[in-house]
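Readers should treat all values here as calculations from the given coordinates under stated rules, not as data from a laboratory. From a predicted model like this one, the values you see are computed outputs, not experimental measurements. Here the Cβ positions follow ideal geometry from the backbone for every residue, glycine too, while neighbour counts run over all protein chains shown.
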Amino acid sequence: MTIQARKTKLNIGVVGAGSISSAHLGAYAANPDARLVAICDLNEGRAKEAAVKYGAEKIYTDYRELLADPEIDAISVCTWNNTHAEISIAALEAGKHVLCEKPLCKTVADALRVEEAVKRSGRLLQVGFVRRYASNTEVLRRFIDAGDLGEIYYAKASCLRRLGNPGGWFSDKERSGGGPIIDLGVHIIDVCWYLMGKPKVKSVSGNTYRKLGNRSNVQNLSFYKAADYDAERNDVEDMANALIRFENGASLFVDVSFTLHARKDELTVKLYGDKGGAELEPELAIMTESHNTIVNIAPQVDHLGFDFQQAFSQEIATFINSCLGTAETLSPVQDGVEITKLLSAIYESAGQGKEIHFG
């Protein structure tokens, strides 16, 4: 797809002024190639507050009115997961480029509808797989592309919270689509799949558990809470795991949780090849052999782990430059569709108690 450059600056609208929007808004405001024009939120007061903070000129409470604004070239979609498809498709049909927060959609059917809208419109849709844009991922990708790890045949990733159910829409299955698998698992599954070379999926076997709930009874420990936090509302899984097999023989194991009887939170991402291995999280490290000796390599870079601000700045910069025709996105709509298929297969496998095979 060729994106035709129309101007030197991209005029931006942001739909949704919740917590994740601050990462988008801050990155747009700091980017010299973007002009933040409008912010839309159902809560007018929240939209006004964000507009003042980040210098947006207009506010809307209806995204359709924002999309009708001819001044806007592109939007970020920072809303509940169940609205991603509707808003993205409407934006594409209105001639806007789209950066859609992860996950692309709740369902595979919706993801395919979005992909078709991208094809019809000729516009760009970038999926918010922000870990692809982090400096530690970029550095490791260089080692992998050079063949230093050889054939990557196994990856293992964990994102475990002992007390971390944000509540609100995150724990409302109708709006979110699920719990830690679709909220946290999407990140670690995607970054592993991306670094493994995006192999074709053969089968998925998953398990989900609802044993602890949101653990709102726990005292003396603070955790992030959604703006609409309600301890009474929680119908998503609190823990899940999955084994993903690929057609090339490689495999990926992941486990994630919102709540778990664990000693501490854990974030690890590890990849293993026939020439070397690597740890992306918690800190970048590369393991190999030299002169019949196992060698651990510690890259000398500014960010050995995931740096939130750096990654979002690079993600937003890539989106802007891709829309202006000077770059290619690392996370096109097709990848969003594939990850949606994976996430959906994990839930399907857990629900049916059997392995799901891809045709």
*Answer yes or no as to whether V256 is under 28 Å from L304 (Cβ atoms), of a type in the set (A, V, I, L, M) and either touching a residue at least 40 places away in the same chain (Cβ under 8 Å) or not in a strand (DSSP E or B) (or both).*
yes
*In segment 241-254, which residue that is crowded, with 22+ Cβ neighbours inside 10 Å and not small (G, A, S) is farthest from L160 (Cα to Cα)?*
I244
*In segment 295-311, is there at least one residue being under 28 Å from V201 (Cα atoms), under 23 Å from the mean Cα position of the chain (by Cα), of a type outside the set (K, R) and outside any loop (DSSP other than H, G, I, E, B)?*
yes
*Kindly check whether there is at least one residue in segment 161-172 that is of a type outside the set (A, V, I, L, M) and either under 18 Å from F253 (Cα atoms) or assigned to a strand (DSSP E or B) (or both).*
yes
*Test V337 against the criterion of being in contact (Cβ under 8 Å) with a residue 40 or more places away in the chain, buried (at least 22 other Cβ atoms within 10 Å of the Cβ) and closer than 30 Å to R120 by Cβ, and give yes or no.*
no
*asked:* Could you tell me how many of the residues in segment 228-261 are over 20 Å from R210 (Cα atoms) and over 20 Å from the mean Cα position of the chain (by Cα)?
replied: 8
*Considering only segment 62-89, state which residues are in contact with a Leu (Cβ under 6 Å, 6 or more places away or on another chain) and within 27 Å of D172 (Cα to Cα).*
S76
*Taking I286 and the conditions (1) in contact (Cβ under 8 Å) with a residue 12 or more places away in the chain; (2) over 17 Å from the mean Cα position of the chain (by Cα); (3) closer than 26 Å to A29 by Cβ, which numbered condition does it fall short on, given that it satisfies the others?*
(3)
*Out of (1) out of contact with any strand residue (DSSP E or B) (no Cβ under 6 Å at 6 or more places or on another chain); (2) of a type in the set (S, T, N, Q); (3) under 26 Å from D238 (Cβ atoms), the odd one out for S135 is which?*
(3)
_Please go through segment 195-235 and give me each residue that is farther than 30 Å from A155 by Cβ and polar (S, T, N, Q), ordered by number._
S216, N217, Q219, N220, S222, N234
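Yes/no matrix, rows are residues, columns are (1) in contact with a Phe, Trp or Tyr (Cβ under 6 Å, 6 or more places away or on another chain); (2) in a loop (DSSP other than H, G, I, E, B):
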residue: I182; (1), (2): no, no
residue: G185; (1), (2): no, no
residue: W193; (1), (2): no, no
residue: G197; (1), (2): no, yes
residue: K202; (1), (2): yes, no
residue: N214; (1), (2): no, yes
residue: L221; (1), (2): no, yes
residue: Y224; (1), (2): no, yes
*Residue selected from segment 298-321 under the condition among the charged types (D, E, K, R) and surrounded by fewer than 18 Cβ atoms within 10 Å (Cβ to Cβ), by the criterion farthest from L124 (Cα to Cα)*: D302
*Give just the number: which of (1) surrounded by fewer than 17 Cβ atoms within 10 Å (Cβ to Cβ); (2) more than 20 Å from the chain's Cα centre (by Cα); (3) among the β-branched types (V, I, T) does T268 not satisfy?*
(2)
